[in-house]
Amino acid sequence: GGDGGVDRLSGEGKCIIVETNYRLYAYTDSALQEQVVRLFSQPLYRLPHMLICVITRSTVRNALVKGISASQIIEYLTLHAHPQTSVKPPAVPEVVSDQILFWEQERVRISAEPAIVFHDFSRLTNVELVASEADRLGGLLYVDDNEG
């Protein structure tokens, strides 16, 4: 009804319960709250005053692609946690928050570094000189001693 999307149970828009099985229960009529939750979870059921979703690797990855970080997801869930969850902290189960962070780390296992490749040296001495100077400057990423 006419409560402007504020949760009826808590009265302050704090309406989300996350379970260790990655289920998310949002006690709300707010279309905005529902759309935000859908950014990182898959809706399973829509009941009056309640949205039941599941957080999956795929839904978290989709959120990450849209520029939402794992810490932002966890912070949102924590800030909007139903008051009942504060009885036994943390509001977001550790297994869920750790997994969300792990799914984010999966995407950033490889990092690009700007580099210049020197090759086709006429003498091994030149390879050693260039490698030595790059190492001295803290910029040596890799050297192949067999390059000649």
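Just need a number here: residues in region 100-119 that are among the aliphatic types (A, V, I, L, M), touching a residue at least 24 places away in the same chain (Cβ under 8 Å) and over 30 Å from Val130 (Cα atoms).
The first filter runs over region 100-119 and keeps only residues among the aliphatic types (A, V, I, L, M), leaving 100-101, 108, 110, 112, 115-117.
Imposing the further condition that a residue be touching a residue at least 24 places away in the same chain (Cβ under 8 Å) reduces the set to 100-101, 115.
This time we only want the ones that are over 30 Å from Val130 (Cα atoms), so: 100-101.
Of the residues in that region, 2 qualify.
Of (1) at positive phi; (2) of a type outside the set (S, T, N, Q); (3) at pLDDT 90 or above, Gly13 satisfies all except one. Which?
Every condition holds for Gly13 apart from (3).
Failed condition for Gln33, given (1) among the polar types (S, T, N, Q); (2) at pLDDT below 95; (3) touching a Phe, Trp or Tyr at 6+ places or on another chain (Cβ under 9 Å), with all others met?
The failed condition is (3).
I'd like the residue in region 33-75 that is of a type in the set (Ser, Thr, Tyr) and closer than 26 Å to Val108 by Cβ and, out of all such residues, is surrounded by the fewest Cβ atoms within 10 Å (Cβ to Cβ).
Ser58
Looking only at region 119-148, count every residue that is surrounded by 12 or more Cβ atoms within 10 Å (Cβ to Cβ), outside any helix (DSSP H, G or I) and more than 37 Å from the chain's Cα centre (by Cα) and tell me the total.
Final tally of qualifying residues: 3.
Go through region 29-44 and give me each residue that's part of a loop (DSSP other than H, G, I, E, B) and touching a strand residue (DSSP E or B) at 6+ places or on another chain (Cβ under 7 Å).
Ser41
Suppose the filter is acidic (Asp, Glu), more than 25 Å from Thr28 (Cα to Cα) and in a loop (DSSP other than H, G, I, E, B); does Glu113 pass it? Steps first, answer last, please.
Details: acidic (Asp, Glu): yes; more than 25 Å from Thr28 (Cα to Cα): yes; in a loop (DSSP other than H, G, I, E, B): yes.
Here the answer is yes, as Glu113 does meet what is asked.
Could you check Pro90 against (1) touching a strand residue (DSSP E or B) at 6+ places or on another chain (Cβ under 8 Å); (2) part of a loop (DSSP other than H, G, I, E, B) and say which number it fails?
(1)
Looking at region 59-87, which of its residues are under 16 Å from Asn21 (Cβ atoms) and without any contact (Cβ under 8 Å) to a residue 40 or more places away in the chain?
Answer for region 59-87, where residues must be under 16 Å from Asn21 (Cβ atoms) and without any contact (Cβ under 8 Å) to a residue 40 or more places away in the chain: just Thr59.
Identify, please: which residue in region 76-118 is open to solvent by less than 90 Å² (accessible area, probe 1.4 Å) and of a type in the set (D, E, K, R) and is, among those, farthest from Gly138 (Cα to Cα)?
This residue is Asp98.
The values are calculated or read from the model by the stated rules, or taken from the named source; none is laboratory data. Bear in mind that the values here come from a model prediction, so they are computed numbers and not experimental data. Quick reminder, even Gly has a Cβ in these numbers, built from the backbone with ideal geometry, and neighbours come from all protein chains shown. Heavy atoms of the whole protein, side chains included, go into the accessibility calculation; ligands, DNA and RNA do not. Shrake-Rupley method; radii C 1.70, N 1.55, O 1.52, S 1.80 Å.
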